1. Tell me, please, whether a residue that is more than 19 Å from A:THR232 (Cβ to Cβ), open to solvent by less than 20 Å² (accessible area, probe 1.4 Å), at pLDDT 80 or above and in contact with a Lys or Arg (Cβ under 9 Å, 6 or more places away or on another chain) can be found in the range A:50-64.
2. Of all residues being touching a Cys at 6+ places or on another chain (Cβ under 7 Å) and either more than 8 Å from the ligand (Cβ to nearest atom) or open to solvent by less than 10 Å² (accessible area, probe 1.4 Å) (or both) in the range A:270-283, which is farthest from the other protein chains (Cβ to nearest Cβ)? Just the residue, please.
3. Quick check on the range A:6-21. Is at least one of its residues over 25 Å from A:PHE228 (Cβ atoms), modelled with pLDDT of 80 or more, open to solvent by 30 Å² or more (accessible area, probe 1.4 Å) and not acidic (Asp, Glu)?
4. Go through (1) free of Cβ contacts under 8 Å to residues at least 60 places away in the same chain; (2) exposed (fewer than 15 other Cβ atoms within 10 Å of the Cβ) and name the single condition B:ASP19 misses.
5. Does any residue of the range B:17-33 turn out to be assigned to a loop (DSSP other than H, G, I, E, B) and within 14 Å of chain A (Cβ to nearest Cβ)?
6. Which residues, taken from the range B:63-77, are in a loop (DSSP other than H, G, I, E, B) and either surrounded by 15 or more Cβ atoms within 10 Å (Cβ to Cβ) or at positive phi (or both)?
7. Checking the conditions here, which among B:LYS54, B:LYS71 is in contact (Cβ under 8 Å) with a residue 24 or more places away in the chain and among the charged types (D, E, K, R)?
8. Just the residues that are farther than 30 Å from A:ALA168 by Cα and open to solvent by 60 Å² or more (accessible area, probe 1.4 Å), please, taken from the range A:28-49.
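The values are calculated or read from the model by the stated rules, or taken from the named source; none is laboratory data. Quick caveat, the model's predicted, so the values are computed rather than measured. In this analysis, Cβ positions are derived from the backbone assuming ideal geometry, glycine residues included, and neighbour counts consider all displayed protein chains. Ligands, DNA and RNA are excluded from the accessible area calculation, which covers all protein heavy atoms including side chains. Shrake-Rupley method; radii C 1.70, N 1.55, O 1.52, S 1.80 Å.
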Amino acid sequence: MAQANFINAGVTSTSSPRPSIFQLLASGGLHRSICPAFEHILRLLKTRHHSSQALDLLYKYCDEFWLLIDLSLESYYLKTYNALFSEHFYGLTRSFKSNQRHPILRSLLFSVILPYVKRKLDRVFESLRESVADGVPTSKILEFSRLYFVRVYPYIHMIYEGLHLFLAIAYTLGRSSYHQLSTQLAGLTLTQITTEAQSQFQERELKSRNSAQILPKIIRSFAQTLTFGLETGSFILQFFNHWQSRTEHIQMGPTSDIPDPPEIDPEISKTTCPICHGPRRTETLLSISGYVFCYVCVVKYLRQHGKCPITNFPANEDSLIRLYSQESS
Amino acid sequence: MSTAARRRLMRDFKRLQEDPPAGVSGAPGENNIMVWNAVIFGPHDTPFEDGTFKLTMEFSEEYPNKPPVVKFLSKMFHPNIYADGGICLDILQNRWSPTYDVSAILTSIQSLLSDPNPNSPANSMAAQLFKENRREYEKRVKACVEQSWCDD
Ligand SMILES: [Zn+2]
């Protein structure tokens, strides 16, 4: 039913105006920034409540949780408005060629699952690159595939990003009807919402509101809550951006409370590592808490737990600083 | 074989010998440094006074990034100790930090004996008696203390 609607809307709106590249880029930018925002919020929460195990778990599988949320949100939007959340936000709608099947599934596959896979690969690459650089030992076959992946992946990434740029330029010049990879792959174009389509969306909104099934109802109310939050959030964010750029010279107060300084454990002497309790080798500072460890000890712990061994502040390998002092060699 | 965990356990042992904390002792097993035997003496001015309670500590190769599994071998009657000897102590579970060593673990367990936390009970009977009938609680603990002298 929803699919038939989707195709109809596509056919009727083929004559609607072609959106500008800036509108498309803005909507793409919003689409891409929601997941990092979600991750950032989780990280903030984790800083506040660093002994909560539920949050630890949520943060560890943050990509997967976001995938679930994103899938339910976008499928609701695709069914109701023929568009992703970010596209509807910028007044765009997706139109398919009428001979294409499963338009919603295709959209979800290329706009939600593909970016998830890319994000996961990016993370795998990041961790492998570091383990290659550290020379963490593994078996021969693993070692080979690890090296191979680390060498080849940057090219895949370059091609992926290059295609995006190429499509955006081609679209601007009017040579391509697709402006990005996900729409090209799904074989759909984005158009401005027409008044005709608008009324159709409202009808569909009403219909889904009156449906008696429980599960779609839950997803819908969840999607609506999220939508409301994101829409107000986006407006407030835009407003603040605007306001802050006008009043940049005025010093803003700190946006979050500065956490209490950690208690210094007298056991931790000036030369031993708090983890292995031996003399520190390759002294490394964890900048988030200010403690100094052996490089090997702290890296191993951070990879497993993602927090400072002493203060439990969330941390990763990026906040490590190698210390070069005259006393240590 | 020398691994990070084994080197660290050797250091823990050295520290335990050089700077022994009052009322606890421990040593690695004869042919396996990853399994320790320990004794905690019941703290003074508590019903556990004069008891000699035996424990085992099992370390994994991930120590000190992961806590050891610590269990009482002696029979215990305490709100936070399970019937099988397992211990409900935050620093041995979610509040573990790799900065702790064997001596810190043993002293924490010792202070758990004097300050039970009846709000997270592992032995509901002990927790209830501790809160409502302190005399009966002390009687049951005393029985454990006497038993701790006999078992070997
Ligand atoms: Zn160390």
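1. Looking for residues that are more than 19 Å from A:THR232 (Cβ to Cβ), open to solvent by less than 20 Å² (accessible area, probe 1.4 Å), at pLDDT 80 or above and in contact with a Lys or Arg (Cβ under 9 Å, 6 or more places away or on another chain), one finds at least one in the range A:50-64, hence yes.
2. Across the range A:270-283, the extreme among qualifying residues is A:THR282.
3. yes
4. B:ASP19 satisfies every listed condition except (1).
5. Looking for residues that are assigned to a loop (DSSP other than H, G, I, E, B) and within 14 Å of chain A (Cβ to nearest Cβ), one finds at least one in the range B:17-33, hence yes.
6. Residues satisfying the conditions are B:TYR63, B:PRO64, B:ASN65, B:LYS66, B:PRO67, B:PRO68, B:LEU73, B:SER74, B:MET76, B:PHE77.
7. The match here is B:LYS54.
8. Listed by number, the residues that qualify are A:ILE41, A:ARG43, A:LEU44, A:LEU45, A:ARG48, A:HIS49.
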